[in-house]
Every structure is written in C-alpha cells, then in structure tokens.
There are 2 protein chains.
Amino acid sequence: MIKLYTYFQSSASYRVRIALNLKNIPAEMIYVNLVKGEHRTVDYAAINPEMIVPTFIDDGKILSQSLAILEYLEETHPVPALLPSEPFARAYVRGLSYTISSDTAPITNLKVRKYIAGTLKQPENAVAEWMRYWMDVGLASFEKVLARSSHKGKFCYGDTPTMADCCLIPQIYNAHRWKCDISPYPLISGIAKECETHPAFIAAHPSKQKDAA
Amino acid sequence: MIKLYTYFQSSASYRVRIALNLKNIPAEMIYVNLVKGEHRTVDYAAINPEMIVPTFIDDGKILSQSLAILEYLEETHPVPALLPSEPFARAYVRGLSYTISSDTAPITNLKVRKYIAGTLKQPENAVAEWMRYWMDVGLASFEKVLARSSHKGKFCYGDTPTMADCCLIPQIYNAHRWKCDISPYPLISGIAKECETHPAFIAAHPSKQKDAA
C-alpha cells in the first residue's frame, strides 16, 4: 500500500493526490499540519530530511518532491498516461508543469511568505501583493505558452489530463485563495472549469481532505 | 543543428550546457543578456513567450524550461544516460534535481532579487542575506538527502554524472558568487571537487562562455 504524507493546502501534495486519483491508485493518507510545524519534528525529518510535503512511500521506499513522484507514478503505473508518447510533446507538457512547480509555486509558499513577513518585516498587504504578483507572472507565462500550442483541447494538452493539469489546478486554487484574478487568462480559465467537473480533480481538492481545517 | 539561447550566468542555461557536453551534442549558442533585458524584447518573446533562458530549438521545435530540455535530451540521446534505469532510482535523481531547480534556484534568481531590492526597497545586505539564506536551505536539504542514500559515489548518484549533478554544480557556482559557505556540506563539496576536473562541467562553466562579461 502506498502512503502519502500530505497537507490539504499544500499545492505539491494536491498535485500528487490528483495523479493518484487519475491513475486509480489507492493510497493511505497521513496528515502533516504545516501551519502547526508538524513537518519540522524529529520524527518527520527521519522520514523526509527535506522536511517538506508530500512524502511518498511505496513498499518502504521513500520519495520526496511532487514532480519526481509524478514521474515515478507514470513509469510504474503507465495507464492512463499523464505524459504524451512523443519526446517533444512530453517535454512540452513537462515544461508547462515546471512553469508552475519551479517558477511559480516555490516563490509563493508558506516558508517564503513567513520570511517576507518576519525577517523582512513586511506588512500584510505587501505580502499579499507579493503572492499575487508572482502568481500572475506564472499564470501569464502559462497562458502564453498554451496559446501558441497546436494541441489545445479541454485540458492543457489535448482532451485528457496530463501532468500539466496536475500542476495547474492546485496553482489556480492558490490564486483564488490570494485573490489573484485569473479572468485575463481564457485558456487557463477554460481548463479550470473542465477540471471542476472531473472526479479525480474533485476528490483531490483541499476542501475534500480529512485534514481540511 | 540544435540552438540554445543562453546567458552565461543563468544557472538554468548552465544546466543544459552541462547536459549537452556530457552527451556530446553539438549546439549553436545564441547569447541573451538578461542584465541588459534582452529577454524582454518583442523578438525574444516571439521565440520564448515565457521570456526566460534557456530556450532550446531542435529542428524548428522550441522548448523552454531547463529540466524539460534535459528530459528531452535524455529521451532523444539516451547515451550516456543522465538518469539511472530503475524507476525508483530515476525518481530519486529527479527529486535531487528539483530540490535545486524548484526549491532553491527560483527563489534566488534575478527577477526575485530585483523585486526585493526595488518593490520591497530592501538594502543590499538584506538582498544578499536573502540569497544566502535560501541557497543554504536548499543545499542543506540536498546534503541530507544525499547522506542517507546507499548510492553515494563520486557524483550525486554513483560514479557517473546524472541530471542531479547538472543541477547541483550551477547552484554551487551561484553559492560562491553570493558567498554562501558550502563547507558545512562534505558530500556536496566532494562532488563539486570531482566536477571541477570533468571536461563537460569545465566547458559549461560561465567563465568559459563567449558572452562572459
């Protein structure tokens, strides 16, 4: 049985929950409350020395980093595929994924927010402005890349969900939380709407998790 | 002929230069000066709407995002391999790579630095402190993950370079630039020393690029 250490509002955990659902892989969820600092305990550090979520355990083998977990799921449970088959198309979908997972989410996570509010002594509105600014930069890039693709469809690449959708939807959840307006982005908005009715995405939503506050 | 739009001090460009050298793939280098804002021109946006480097072009097909480019090179030029063959090991190496490419580099890039100095009006020493703090968090995580691996060797995974080394070495270059001390990290320091004498890493070094200031 696969185990996933997760936090309902962590977008990296959310990505893996979507992928597990899309591939119909059962997993035991273990809840780690980031706001209470449960990821910084000695016990959790023994499981994941990076002290981040998610942590993924398959048959005793431990993996960290959501995109590495997604690639592992793709290689060990190839159907349904979350990447196209042709190398260039695969790299395109991975590139979209990293636009979120590398260029957007890490700049706007809880740790960074705390540093800006704490160490840099920035007021609440400056922190919120930071969040919206970087989310908007990331989503604007994502929309532009989508716009020139010849593989537009219901989802980021064609008419079935890929790794890119697993990354985009948690980012949109975060955008809503921080009142970052996604209406300037019609392609993203359309994909978000499509995913709202997809069972794998619905079940992975933060509000549906047992640890939802 | 492959074309790479690159900037000598961009760690994402540096990752791709290392991978091209390791795989002995010739490429035409096109220089984009980030400090002069050459990535924000209309002409460059037409090539890469994300307005970042590197941009990789193979037979007219355009890719953005360094790790997506590395995966593409791995799939199209599999020898020498930059990922192990077993899925868990592949995910482990990818996870190490993302600890740098997602969790460290994006928080410390030129754009973020400019926002902190400009919009947040932070003095030079606070910007330098920000850089060192996040680089140290990232390298400390990386060292801890390496420390518990049973595949330690000359490089991040065993005795041949992988994608993780392509990510680590540019990050160490950046750590040196910002006087972030890597001596607390013996495994990282050992790998860095090994790479200093490796021709593929030497030729990819920022100081060896034609656009080096």
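The values are calculated or read from the model by the stated rules, or taken from the named source; none is laboratory data. These numbers were taken from a predicted model, which means no experiment stands behind them. Glycine gets a Cβ as well: all are built from the backbone with ideal geometry, and neighbour counts include every protein chain shown. Please note that ligands, DNA and RNA were not included when accessible areas were found on the heavy atoms of the full protein model with its side chains. Shrake-Rupley method; radii C 1.70, N 1.55, O 1.52, S 1.80 Å.
Per-residue answers, yes or no, for (1) of a type in the set (Gly, Ala, Ser); (2) touching a strand residue (DSSP E or B) at 6+ places or on another chain (Cβ under 9 Å); (3) in contact (Cβ under 8 Å) with a residue 40 or more places away in the chain; (4) closer than 22 Å to residue A:100 by Cβ:
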position	(1), (2), (3), (4)
B:37	yes, no, no, no
B:55	no, yes, yes, yes
B:58	no, yes, yes, no
B:67	no, no, yes, yes
B:72	no, yes, no, yes
B:79	no, no, yes, no
B:84	no, no, yes, no
B:87	no, no, no, no
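Scan segment B:147-165 for residues that are over 19 Å from residue B:180 (Cα atoms) and crowded, with 19+ Cβ neighbours inside 10 Å and jot them down.
Within segment B:147-165, B:155, B:156, B:157, B:161, B:162, B:163, B:164 meet the criteria.
So is residue A:72 of a type in the set (Phe, Trp, Tyr) and farther than 22 Å from residue A:112 by Cα or not?
yes
Answer yes or no as to whether residue A:133 is open to solvent by less than 50 Å² (accessible area, probe 1.4 Å) and aromatic (Phe, Trp, Tyr).
Spelling it out, it is not the case that residue A:133 is open to solvent by less than 50 Å² (accessible area, probe 1.4 Å) and aromatic (Phe, Trp, Tyr).
For segment A:191-202, name all the residues that are in contact (Cβ under 8 Å) with a residue 24 or more places away in the chain and open to solvent by 40 Å² or more (accessible area, probe 1.4 Å).
A:194, A:198, A:199 - these are the residues of segment A:191-202 that are in contact (Cβ under 8 Å) with a residue 24 or more places away in the chain and open to solvent by 40 Å² or more (accessible area, probe 1.4 Å).
How many residues does segment A:105-115 hold that are touching a residue at least 60 places away in the same chain (Cβ under 8 Å) and facing chain B (nearest Cβ under 8 Å)?
Residues meeting the conditions: 1.
Look at residue B:126 and say whether it is more than 18 Å from residue B:190 (Cβ to Cβ), free of Cβ contacts under 8 Å to residues at least 12 places away in the same chain, within 8 Å of chain A (Cβ to nearest Cβ) and not β-branched (Val, Ile, Thr).
Yes: the conditions hold for residue B:126.
Counting only residues that are farther than 21 Å from residue B:134 by Cα and open to solvent by less than 10 Å² (accessible area, probe 1.4 Å), which one in segment A:136-146 is farthest from the other protein chains (Cβ to nearest Cβ)?
A:139
Per-residue answers, yes or no, for (1) within 15 Å of residue B:72 (Cα to Cα); (2) within 14 Å of the chain's Cα centre (by Cα):
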residue: B:8; (1), (2): no, yes
residue: B:14; (1), (2): no, yes
residue: B:19; (1), (2): yes, yes
residue: B:33; (1), (2): no, no
residue: B:59; (1), (2): yes, no
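Going through A:147, A:128, A:117, A:105 one at a time, which residue ends up being over 24 Å from residue B:113 (Cα atoms) and among the aliphatic types (A, V, I, L, M)?
A:147
Would you please list the contacts, defined by Cβ atoms under 6 Å and residues six or more apart or on different chains, that run from a residue in segment B:1-12 that is at pLDDT below 95 to a residue that is open to solvent by 20 Å² or more (accessible area, probe 1.4 Å)?
From residues that are at pLDDT below 95, the pairs are B:1/B:28.
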